[in-house]
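Below: the structure, in structure tokens.
The values are calculated or read from the model by the stated rules, or taken from the named source; none is laboratory data. Remember, it's a predicted structure, so these values are computed and weren't measured experimentally. Virtual Cβ from ideal backbone geometry, glycine too; neighbours counted across all protein chains shown. Protein only, heavy atoms only, side chains kept; ligands, DNA and RNA dropped before computing areas. Shrake-Rupley method; radii C 1.70, N 1.55, O 1.52, S 1.80 Å.
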Amino acid sequence: MVLLLQQNDIVVTSEYQLFGILQRWLLHRKEVYDNDETLTLEEKSTAFLQLVEQTVVHIRFAMMTPRELAHLLLFPLLEFHKEYIVQRMAIGE
């Protein structure tokens, strides 16, 4: 997913829908981390937050409508890294 999002020539019809897809993928990855018994709780948390930062940075929030941006605040992903995601939304990249 990270490599896909890094592509400059990626064409999507909706950044909002892309964020929804990314959220589902990230929450799945969180489950994978949570079930990995070889990692400590801190390592699981750190790995997940790093993955959020590595992927969310590629979402073009400026392409979303104000209504879509407001709705993003209700997405479950924000409970894990709200400050970072809201900061990215405010920057509008």
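Okay, here's what the table says:
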{"quantity": "Sequence ranges 71-78, 32-39, 58-65, ranked by mean other-Cβ count within 10 angstrom, highest first", "calculated": "58-65, 71-78, 32-39"}
{"quantity": "C-alpha long axis of helix 15-34 to longest principal axis of the chain, angle in °", "calculated": "0 degrees"}
{"quantity": "In degrees, nearest ten, helix 41-56 long axis to first principal axis of the chain (Cα)", "calculated": "20 degrees"}
{"quantity": "Within the accessible area of the chain (1.4 Å probe), percent carbon and sulfur", "calculated": "54 percent"}
{"quantity": "Shape of the range 14-93, Cα gyration tensor, a/c cut at 1.5", "calculated": "prolate"}
{"quantity": "In degrees, nearest ten, helix 78-91 long axis to first principal axis of the chain (Cα)", "calculated": "30 degrees"}
{"quantity": "Å² per residue, accessible surface of the range 8-93 at 1.4 Å", "calculated": "66 Å²"}
